[in-house]
Structure formats: C-alpha cells, structure tokens
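Visitor: Following this message is one structure expressed as structure tokens.
The values are calculated or read from the model by the stated rules, or taken from the named source; none is laboratory data. The model shown is predicted, which means the values in this text are computed figures rather than measured ones. Cβ: placed from backbone, ideal geometry, glycine included. Neighbour counts: every protein chain shown.
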Amino acid sequence: MRISRRLVGAFMTGATYTAALLAILPLAAIFGMLVAKGAGSIDWAFFTRSSVPLGETGGGFAHAIAGTLIIVGLACAIGVPVGVGIGIYLAEFGAGRLGWVVRFVADILNGTPSIVIGIFAWTWLVKPMGTFSALAGGAALSVILMPIVARTTEEMVRLVPNSLREAALALGYPRWRTSLQIVARTAGAGIVTGVLVAMARVAGETAPLLFTALGNQYFSTRLTGPMAALPLQIYVYAVGPYEEWRRQAWAGALVLILLVLSLGIAARWVTRGKRAGG
Amino acid sequence: MSFPFSTVTTPSPRITAEDRWKSLRIVSRGDVVYRIVLTAVALVLPAVLVALTLELVVNAWPAIKAFGPGFFTHSTWDPVASRFGALPLIVGTLYSSLVAMLIAVPLALGVAIFLTEFAPRPLRRPVATLVELLAAIPSVIYGLWGIFVLLPLLRDMIWPVVGPALSWLPIFQGVFYGPSVLAGGIILAIMVLPYVAAVSREVLLAVPPAQREAALALGATRWEAVWTVILPYGRTGIAGAVMLGLGRAVGETMAVTMVIGNRHEISASLIQPGYTIAAAIANEFAEASSAMHLSALFYVGLVLFLVTVTVNALARLLVWRVARGSAVGSAAI
Amino acid sequence: MATRFRSALLALATLAAAPPLTAQSEVRITGAGATFPYPIYSKWVLEYTKARPNIEINYQSIGSGGGIRQFMDRTVQFGATDGPMTDSQITAIRGNVLHIPTVLGAVVPVYNLPGVTGQLRFTSDVLGGIYLGQITRWNDTRIAAANPGVALPDRDVIVIHRSDGSGTTYVWTDYLAKVSADWSRRVGRGTAVNWPVGLGGQGNPGVASTVSRTPGAIGYVELVYALQNRIAYGLVRNRAGNFINATLASTTAAASGAVASLPDTTDFRISITDAAGADTYPIASFTWILLPRQMTDASIARPLLEWLWWATHDGQRFATDLGYAALPTRVVQLIESRLRSISLGGRSVLPANYSGTGARR
C-alpha cells in the first residue's frame, strides 16, 4: 500500500516535469526556427530598404520597422498618460464604487479580442477621416495599452509604503503633491516596467492594424496616411507564395521577437536595482 | 529653560476631534483639481467601453433586424444572396477553443504544480520565466511557425502514422489537408498555456502553507497533499484561470486564420478545416462591399465581444474571490 | 530611474525623427484592390516613378472586394478590381465611377499532382464538377476521359478557393455560371460566393501558396502567379471544343470578339469568359481601375490620371513580360476619351488635346 502510493507520487512528479518540458518545447522550437530561417536574411539592406516590386530582389523591411516604432510611439503617447493617470486614481481614490467599475472595465478591455478593437478604431477614426492612418492604428493599440498600464501602475503605486505618504502629509504637503511627487516618483521604476511590458505586447499586435494602418510599400512618417508595420508585413509575406517574401517574413519575425524581448528585458533591468535595494 | 517669546500663555481653544478630521480632509484647492482631473481620466476607460459596445450594436442593427436569432442557427454564409448564418463561425470558435483548453489546461496545471511544489528551488524562476516568454510571442509569429512547421509536421509526419489507427473515429474522419480545426486548437493551446499556468501558479501560491503542512503532517505524500488538499482549495481560482484562458482562445485571430483553413462549414471532424469569428472578421471586414455583409460581420463581432466580456467577467470574479481583490491575474497580462 | 526613463524616451524620439531614407514625396496616391494585376501594377509604379521621384503610388493588394469597398468608402483614391461593380453598388455611389481597363489577364486552374508530368486538360464539366464537390477523386472517369494516356493518381481532389472578396473569383465563377446550369443555380457569380466545397486562401498569393504546399490540390489563380511560382496549370476546353493554353494570343483572342462589337458609350464592364472562336482562352478577363468621374482632391487628380494614361499606353509593353495581354487598340482609344472626361470642380483634369506625358517632370 505504501509502495503504490509512493509510486503514484513518483509518477505524478514525473508527469509534472513532463508538463513543464512540453510547455517549453514549443518555445525552443519557435525560437530555433526563427533563428535558423531568419538570421541568414538579416543584412544591412533589410534595415535600410523598403519593399520592391514582385520579381525584384534586394528589398527590405525598413518601412515596416520604422512604421512599428512610430505606431507604438503613438500608442504610448496616447495610452501612457491616460493609463498612468487611471492607475494613480485607482490607487489613491479607487476604494469606492467608481474604482470598482474602472477596475472591472480595465480587465474587460484587457480581455477583449484585438480584432474587435480594430473594428472600433475603424468606425471612429478611419471612416470619419476618410483615410487609413497610422494615427488610427496608434489609437487602436493605445486602447489595448491603457488597461495594462493602468493596472500595473495601480499595483506599483499601492506598493509604496504608507509611511512615505504619512511623512509627506506630516510635513505639510497637500495630498496632490504627495501623490505626484513622492508616491508616483517612488513607484516610477515600476510604472516604467509596466509601460515597457505593455509596449512589448502591442508591438506584436497585427489584427488591430489590419483595417487601421493598412500598410504601405513606402517608407512613410506621415501620421495621417497608411503606414507599414512589422507584424502586418510579416503576415502579408508569410501567406504569399514567393520564396523571397517568405525569407523576409522569417527575418522580420526574428527582428520582431528581438524587439519584444528587448522591451521585456529592459522592463526587468529597470527594476533590478529596486528589487535588490528594496 | 524659558522660551523668550512665550511668557504669556494663551488658553488654547477647544479643538474637537471633528475639527481635526476636517482639517485633514481637503487641504488645498490643488487637491480638488487633482481629484477631478484624475477622475475624469479614469472615466476614459468606461467611456471607451461604452463607445465600443454602442458602435457594435448600432452597426450590427441592420443584420440583427434582418436575421434575428436565426443568425445563430443557419449555416449559409452567402454574400451573393445576402444571406448570412453564423452557426459555422460560432461552432468553429467553440470547437477550436475546446480543443485548445483540453490540451492546455492539464499541461498548465502540471506546470503550475511543478513550479510551486516539485521543482528544485533554483529551477523555479528560470522555468517560470520561460513559460511566461510563451505569452510574449506575437500571434503572427505563431501563425508563421504554424504554417511552415506545425502543418507539414502534422500532415506529413504524424498523421500518416496515427491516422490509419484513428480514422474510424468520427472526430478524425476525412482527408487531412493540413489546415484544420486540430491545427488551430494546438496553436491556441500553446498560446493560452502561459496565461492559465501563470494565474494557476499565483492561485496555488496563495493557498495557506498551513493547509499543505497539515496534509503532510497527516502522512500524505507530496503529491497526495497537492491532489487532496491544495488543488481543491484553489479550485475556484483555477476555474478562473481556465476561464481567462478560454477568453483568450476565443478571441485569438492571426495565428488561427493562418492555420485553420477558413471554411464556412461545420464538421465534427477535427482534421477538417473550420472558421472562427475572429478569423472571418479579419478576412472579410475590409472588403465586405454590401452593407448587409458588413452589418453581419458587426453582428458576429458583437457576439464575440459579448462572449469574451462574459467569460472574462466570470474569470475575474472567480480569481478575485480567491486572491481577495489584489492584482493576481495581472500576472496574466 | 527617472533619468533612465527620460533617456529611453529621448532615444525613441530620435529614432522617430530620423530622416526618411527616401526622398520626401509631394504627391502621394493611395489605391487598393485586386491581387490579379498586382505584379503589373507594382511594375508600373516602379517604372513610372523612376523618372518622377516626387510621386508615390501606394497600391495595397487586398483583393477586388476590398478595392471596391475602399473606393466606395472613399478611403483610397483609386480602386482596382477584376470583378466589375454591380449596378446596386454603382447606384449606391450615385454613379460616380468609371471602370478603366488596364490589362487583359487569364485565370488558370493550378494543381499539385506529384508524378503527373505534362499539362492536364480540363473540360468545363470537370471544373464545374470539381468545384461543386461532385468529382472528388483525381482518377475520376470524367477527368480521365479528357486526359487519355495520363496516369491519374487515386487520391482526393482538394479544392482551394479564395477566402477574401476577389475579382479572380468573379472571373472564375462567371465562367462556371456560363458553362454549368447547376453552378448558376446553386452558387452564382460574385466576388465572394457560398462555396460548396474547399479551403480558403488569402489572395492570389494565398491560393498559389496553398496549392503548391498541398499535394492533390486544385485552385484558380491569375496566370502570372502560376508562372512566377512554377506551379502546374492546365489547359481548358473552350466553347469551340479545343483545349487551349492560356497565352498572350489566346487571351487577346478572347477579347477580340467582344471588343469588335463594343459600343462607343460602353462602360467597359464586359465579360469575355467563354468567348466564341477557335483559339480563344475561355477564362480571360479585363481588369479595371476604378476612378471617380468627379474627383475632389486637386493635389493628386492630374498625376493619377497621367499615370493611368502612361500605363494604358507606354506601360503596356511591360505587361507581356509578366504574362498579361496588352489592351486592344480600340479599347485604348475609348479609354483616352474617358480619361479626358474626368472632371475636378467642374473642369476637366486633363486638357482636351492631352496625348501623353513623354518624359515630363
């Protein structure tokens, strides 16, 4: 009896080890594939040239990379101030009913499919403006970014010890100055981490850009016109039949994952000192 | 010691507790402004949600009027005749998500238990990080990998071996082209696993150590402690984690449309192509050139939205109940 | 940490402000639509803008359905489609559209049958039967009857069609509707139809790539996609009973009959599938660019029309290299008068005696 129970225990332990291995296997497979197929195609031309017509070689992803940077930048410009504001509100004043509602809404928006948010941006920005635009793409991404930044900001601000707040209040600071200068600044690293994590998430989104930024073969910095983006370009090239396109799609995918990873690493690096120092 | 400037003592006025409270409340006009500004900013999120819902309903209205609830029971999606039935889309969405959850949940639970119970301490952080990395990979890259690695693997290496043994089952009937509900389910499972695993792990960590220790004290093996005490204790939260994963699965777009075959048809067989709501919207939205087609897409988008709202609301309630309102589950972001 | 944040912001800002790597253009034209002519349109854009670096023409190849929709929504300045707009769509925009043909193309049945060399022959019955789901195996007697002497494998026919709104689909279903009463009754013609069987691929590229990756598959694509990707495509039997290969000659022949009887007031929405004649390819079609009759954007009106004039005249020489057939002369003449009729704010965009740009700008 003892032995069979031990056996079951050992078996299940092994099973959980297997589960962990199976979970990590696709990660290794995907990364391996990206490096194997993409690394060879990344050259200087990839970063400096834009699309060329079918049948010609030597094209690159410069327009798509720049487009992603611009659109994500736009998303941050809109989403970060609002998100941080919401986060501070929730932490400072969010104990009441409105706070509960806002938190609930944030979680809902967080779980909303990004394609639905793309439709939303199309209805409110593309259609009235009469044109596809990087602005609409950035706005769609900001709707995804906002709830993430709001929730992480709230968490970080909550972590600031009350003693700090009380000290400031005791010294005569009004609440708003306490909140802004002392609390927010102390939580600053954490807030930045949240922003970077959210940026990593939206940089990889394709669906919201399908009918907002549309895509562009040219290098463009015009916010009111269509713009290329890395995930969009990868999608178009991946489903195409041309070897040249697919080669570039893999390279683009590698660049994208490196971008996402570096944002994630930057997020951890920002709080590294904080965690050790406490 | 004498203070040179206070030789005269004035009787202090009676300061009540009330007065002291009042003086702590709102000290300056800056506070009022601050609160108003922040409240206004906080209202942006509910405003966005309301705008989103409104826009979906208003634009779906022509289709709602034209098709009513029959929209969900008819299978014909005919843009030429302007007749739209979304049953294949709904079935496809649910079927692929079901497959995904059946694969992902046991694995995710296994990972969560591994990370909280059985893994040697130095391994815990790295493995947890690696699993979280899965969540960071963009959907389009999963799709790319799905087309060029998973589909050929399934079609050319796995199916020829296991197919003959399984093809008598109705869920494995038919010819396996590659693009299929099964492929969609597998990719979704990989995408959903890190979310379910991360939240489950938080839930398991929130179980009071006393419970575990009590079980061990009564003579349970480590596994028995997990199975009989810890998991049941955390089952509400784990249910929440599963719902969260389900919410992600039904809304996933790019990876699914690249491997599922994009076919408006219902089939019991996993190896036949299918279609999901999100994939259909991605493919048809920019080109629906009749107003009714566009409205039908809004209608089906509204359905998807309502489903994810419900699932997410349920998930949050379950997870909040376990973790008492803290931001557990933000880990799943 | 605040300084770290600030320096990160600074880095991002510098990147965003980096000077673009190509010259800034003053004229930016956006169009969207068919994947059918995408190879020739992108070639035209490249060749035309070589000598005119201040013009940028961004063509998004999203399918004819998308082209029509974006044109109707006025979110692009020109649309492109190989399925002409329906009467109800034209009424919806109050008739403010001109269909300008640009090239002639052919839609070919592509297939992936390892081990089968030489071109397969398809009759209209076979194609209709396959797409209706009535013919399900490659060694079906009907396919064998059209291909005597060819060893057809005993495997399933995997049907591939378009998942997006497609003019190529319009041409294909237009043909099937003409040759099969069954198809006409059950499915009809359109840019997006209720397919009885099959898998969806996104765009001509998507269908081409799905077919080339799936043994046993059959699909339909514009000829250039079959050529560029070296996918096997079949001969199709025309109305006269001959099995015809999609070539320059057979495509042009398909148009000649219809063009000869074209009235001067035509709106160009003509179908040339299943044409009469001994050497006509039965699944050929014009492809059109959609322009508004009354333009509203002064900055792009003239450059856009000039580009189209060039494309329908000088640009035609690039078409044949890519597998498209040039426009017949009579069509070009009629196009000239249509382009001259387009107005902006009440006045014609092009001068009455306009005859091409040569090497202007």
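Visitor: Any residue at all in the range B:228-237 that is within 14 Å of chain A (Cβ to nearest Cβ), polar (S, T, N, Q) and surrounded by 23 or more Cβ atoms within 10 Å (Cβ to Cβ)?
Guide: no
Visitor: Under the condition of being among the hydrophobic types (A, V, I, L, M, F, W, C) and surrounded by 15 or more Cβ atoms within 10 Å (Cβ to Cβ), which residue from the range B:73-91 is farthest from the other protein chains (Cβ to nearest Cβ)?
Guide: Among them, the one singled out is B:VAL91.
Visitor: Only residues that are within 12 Å of chain B (Cβ to nearest Cβ), over 15 Å from B:ASP31 (Cα atoms) and among the aliphatic types (A, V, I, L, M): list them for the range A:152-182, please.
Guide: If the condition is that a residue be within 12 Å of chain B (Cβ to nearest Cβ), over 15 Å from B:ASP31 (Cα atoms) and among the aliphatic types (A, V, I, L, M), then A:MET156, A:VAL157, A:LEU159, A:ALA170 are the ones that fit.
Visitor: Please work out which one of (1) modelled with pLDDT under 90; (2) crowded, with 24+ Cβ neighbours inside 10 Å; (3) not charged (D, E, K, R) is the condition B:ILE187 fails and give its number.
Guide: For B:ILE187, the failing item is (1).
Visitor: What's the number of the condition A:VAL149 fails, among (1) of a type outside the set (Lys, Arg); (2) surrounded by fewer than 23 Cβ atoms within 10 Å (Cβ to Cβ); (3) more than 8 Å from every other protein chain (Cβ to nearest Cβ)?
Guide: (2)
Visitor: Mind checking which pairs have a first residue in the range B:226-246 that is farther than 22 Å from A:ASN110 by Cβ and a second that is of a type in the set (D, E, K, R) and surrounded by fewer than 24 Cβ atoms within 10 Å (Cβ to Cβ), Cβ under 7 Å, 6 or more apart or different chains?
Guide: Within 7 Å, the pairs are B:VAL226/B:GLU117; B:VAL229/B:ARG212; B:ILE230/B:ARG212.
Visitor: Given the options B:LEU52, B:LEU43, name the one that is in contact (Cβ under 8 Å) with a residue 12 or more places away in the chain, facing chain A (nearest Cβ under 10 Å) and not acidic (Asp, Glu).
Guide: Every option except B:LEU52 fails the conditions.
Visitor: Go through the range C:207-220 residue by residue and tally those that are under 21 Å from C:GLY133 (Cα atoms), facing another protein chain (nearest Cβ under 9 Å) and buried (at least 24 other Cβ atoms within 10 Å of the Cβ).
Guide: Residues meeting the conditions: 5.
Visitor: Mind listing just one residue for me: the one in the range C:201-215 that is of a type outside the set (Ser, Thr, Tyr) and out of contact with any strand residue (DSSP E or B) (no Cβ under 6 Å at 6 or more places or on another chain) and, of those, nearest to B:GLY274 (Cα to Cα)?
Guide: Residue satisfying both the conditions and the ranking: C:GLN202.
Visitor: Give the range B:259-310 a look and list any residue that's polar (S, T, N, Q), buried (at least 24 other Cβ atoms within 10 Å of the Cβ) and under 21 Å from the mean Cα position of the chain (by Cα), or say none.
Guide: Scanning the range B:259-310 gives a single hit, B:THR276.
Visitor: Sticking with this structure for a sec: Among B:ARG201, B:ARG155, B:ARG121, which is without any contact (Cβ under 8 Å) to a residue 60 or more places away in the chain, farther than 22 Å from C:LEU199 by Cβ and basic (Lys, Arg)?
Guide: Sole residue among the options that is without any contact (Cβ under 8 Å) to a residue 60 or more places away in the chain, farther than 22 Å from C:LEU199 by Cβ and basic (Lys, Arg): B:ARG121.
Visitor: Please go through the range A:224-266 and give me each residue that is among the hydroxyl-bearing types (Ser, Thr, Tyr) and either part of a helix (DSSP H, G or I) or more than 10 Å from chain C (Cβ to nearest Cβ) (or both), ordered by number.
Guide: A:THR224, A:TYR235, A:TYR237, A:SER262
Visitor: Restricting attention to the range B:177-200, which residues are over 23 Å from C:ILE218 (Cβ atoms) and of a type outside the set (A, V, I, L, M)?
Guide: Residues satisfying the conditions are B:GLY184, B:GLY185, B:PRO194, B:TYR195, B:SER200.
Visitor: In the set A:TYR17, A:TYR89, which member is within 30 Å of B:LEU115 (Cβ to Cβ), at the interface with chain B (Cβ under 7 Å from one of its Cβ atoms), of a type in the set (Phe, Trp, Tyr) and surrounded by 13 or more Cβ atoms within 10 Å (Cβ to Cβ)?
Guide: Among A:TYR17, A:TYR89, only A:TYR17 is within 30 Å of B:LEU115 (Cβ to Cβ), at the interface with chain B (Cβ under 7 Å from one of its Cβ atoms), of a type in the set (Phe, Trp, Tyr) and surrounded by 13 or more Cβ atoms within 10 Å (Cβ to Cβ).
Visitor: Just one of B:ALA215, B:ALA241, B:ALA197 is surrounded by 17 or more Cβ atoms within 10 Å (Cβ to Cβ), at pLDDT 90 or above and touching an Asp or Glu at 6+ places or on another chain (Cβ under 8 Å); which is it?
Guide: Among B:ALA215, B:ALA241, B:ALA197, only B:ALA215 is surrounded by 17 or more Cβ atoms within 10 Å (Cβ to Cβ), at pLDDT 90 or above and touching an Asp or Glu at 6+ places or on another chain (Cβ under 8 Å).
Visitor: Which condition from (1) surrounded by fewer than 21 Cβ atoms within 10 Å (Cβ to Cβ); (2) at pLDDT below 85 is the one that C:ILE62 breaks?
Guide: (1) is the only condition that C:ILE62 fails.
Visitor: Name the single residue, out of those in the range A:1-58 being in a helix (DSSP H, G or I) and basic (Lys, Arg), that is modelled with the highest pLDDT.
Guide: The residue in question is A:LYS37.
Visitor: Report yes if some residue within the range B:131-138 is at negative phi and in a loop (DSSP other than H, G, I, E, B); otherwise report no.
Guide: yes
Visitor: Condition check: over 20 Å from C:TYR225 (Cβ atoms), part of a loop (DSSP other than H, G, I, E, B) and modelled with pLDDT of 90 or more. Does C:THR280 satisfy that?
Guide: Yes.
Visitor: So how many residues does the range C:246-277 have that are part of a loop (DSSP other than H, G, I, E, B) and surrounded by 17 or more Cβ atoms within 10 Å (Cβ to Cβ)?
Guide: 8
Visitor: Of all the residues that make up the range B:196-248, how many are farther than 21 Å from B:ASN312 by Cα and assigned to a helix (DSSP H, G or I)?
Guide: Result for the range B:196-248: 22.
Visitor: Being of a type in the set (A, V, I, L, M, F, W, C), out of contact with any Pro (no Cβ under 6 Å at 6 or more places or on another chain) and surrounded by fewer than 21 Cβ atoms within 10 Å (Cβ to Cβ) is true for just one of B:ILE103, B:ILE113, B:ILE141, B:ILE137. Which residue is that?
Guide: Only one candidate passes the filter, namely B:ILE103.
Visitor: Can you pull out the residues in the range B:267-307 that are under 17 Å from B:ILE187 (Cα atoms), among the small types (Gly, Ala, Ser) and outside any helix (DSSP H, G or I)?
Guide: Selection gives B:GLY274 alone.
Visitor: Against the condition crowded, with 17+ Cβ neighbours inside 10 Å, assigned to a strand (DSSP E or B) and small (Gly, Ala, Ser), how does C:SER285 come out, does it pass?
Guide: Yes, satisfied.
Visitor: Do the conditions hold for A:VAL126, that is, is it within 7 Å of chain B (Cβ to nearest Cβ), touching a Leu at 6+ places or on another chain (Cβ under 9 Å) and either of a type in the set (A, V, I, L, M, F, W, C) or without any contact (Cβ under 8 Å) to a residue 12 or more places away in the chain (or both)?
Guide: In short, no.
Visitor: Could you tell me which of the residues C:VAL193, C:VAL187, C:VAL116, C:VAL157 is surrounded by 15 or more Cβ atoms within 10 Å (Cβ to Cβ), of a type in the set (A, V, I, L, M) and more than 14 Å from chain B (Cβ to nearest Cβ)?
Guide: Residue meeting the stated conditions: C:VAL116.
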